[in-house]
Amino acid sequence: MELRYRATVEYDGSDFLGFQYQARGRTVQGEIEKAIEKVTQQKVRIVGAGRTDAGVHALGQVIAFNVAWRHSAQDLQRALNAVLPIDVALRDCRVASFDFHPRYDALWRQYRYVVWNAAVRSPLWQRYAYHVPEPLDVAAMQKASQYLIGCHDFAAFGKAPRGSNTVRRVLQAEWIIEGKRLTFEITADAFLRHMVRRIVGTLLQIGRGRRAPEEMALLVQRKVEWLCGPLAPAQGLYLVKIGYAD
């Protein structure tokens with residue numbers, strides 16, 4: 001009997017062209033679908049909560065798919081992890097209702113961006129953080145981050161994945177200092193395409209002293225869109241967690 005399964009996926013996005021399946025090139029979706037076919041002898045199309053770009057990592061991507069499987073969900077998880085490549089793994093797997101949709105049922109999403117702030121680059125972090133050699137004013141970046149919290153029009157930072165609504169509600173935005181590693185965490189009801197990376201690019205300009213923290217308030221009011229910073233590199237970005245009613 002066919003059931004719907006829900007799984008949390010972790011992956012190193014360094015060697016992928018992104019999450020979404022492409023006719024040519026390696027994708028997270030493509031690797032998972034190949035693994036499911038190998039284990040169950042059934043071709044399926046999985047649905048993901050978000051379409052991360054090339055080079056972006058995930059700790060808590062959520063997927064769903066329908067398949068006929070005679071054993072437990074835990075057995076399915078173990079079987080898929082046994083054949084998945086080393087840079088992808090299912091952290092959990094369980095039976096879900098047939099109407100569960102990873103994207104549309106999500107209440108909030110959390111992203112993390114990691115900056116390696118040191119004069120000398122770190123070979124161990126080069127695939128997982130953005131190296132910024134010059135000193136950063138983290139207090140100014142923290143102050144600017146607070147202007148993001150609340151319901152605002154974030155059109156200056158990205159485009160809507162569908163439709164034209166660019167208003168989002170940000171629940172959390174803060175920097176965490178761990179030695180040379182600076183981590184920006186942001187939680188919102190939803191995100192625009194490239195929104196987090198452009199926010200980080202703007203915050204780093206503020207940290208470098210090229211922008212005042214108060215200019216972030218003008219950006220979310222769509223008064224000075226030209227002040228928006230550049231897109232931060234993909235390798236520092238992680239999809240951390242997605243929240244649902246259950």
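Derivation of every value follows stated rules applied to the coordinates shown; laboratory data play no part. Worth saying up front: this structure is predicted, and the values here are computed from it rather than measured. Virtual Cβ from ideal backbone geometry, glycine too; neighbours counted across all protein chains shown.
Odds and ends about this structure:
- Near the amide H of Leu3, within less than 5 Å, lie the amide hydrogens of Val67, Ala68, Trp69, all on another chain or at least 5 residues away, with H placed in the peptide plane.
- Cα-based shape type of region 136-246, given that a ≥ b ≥ c are square roots of the gyration tensor eigenvalues and the cut on a/c is 1.5: oblate
- Dipole of region 108-243, positive direction: furthest Cα of Leu171, His194, Gln142, with charges on the beta-carbon: His194
- Per-peptide average of other Cβ atoms within 10 Å, ordering 37-43, 153-159 highest first: 153-159, 37-43
- Over 30 Å (Cα to Cα) - which of Lys159/Lys180; Lys38/Lys241; Lys38/Lys159 fall in this group: Lys159/Lys180; Lys38/Lys159
- Excluding same-chain neighbours fewer than eight residues apart, the lysines reachable from Lys43 by a Cα-Cα span under 19 Å are Lys34.
- Sites Lys143 and Ser97 - FRET efficiency at Förster radius 51 Å, r taken between beta-carbons, to 0.05: 0.70
- Note on region 97-138 and region 157-233: Cα centroid distance 13 Å, given to the nearest whole angstrom.
- Taking label points 7 Å from Cα along the Cα-to-Cβ direction, Leu3 and His71 give a separation of 1.3 nm.
- Positive minus negative residues near Glu185 (Lys, Arg vs Asp, Glu; Cβ under 15 Å): +3
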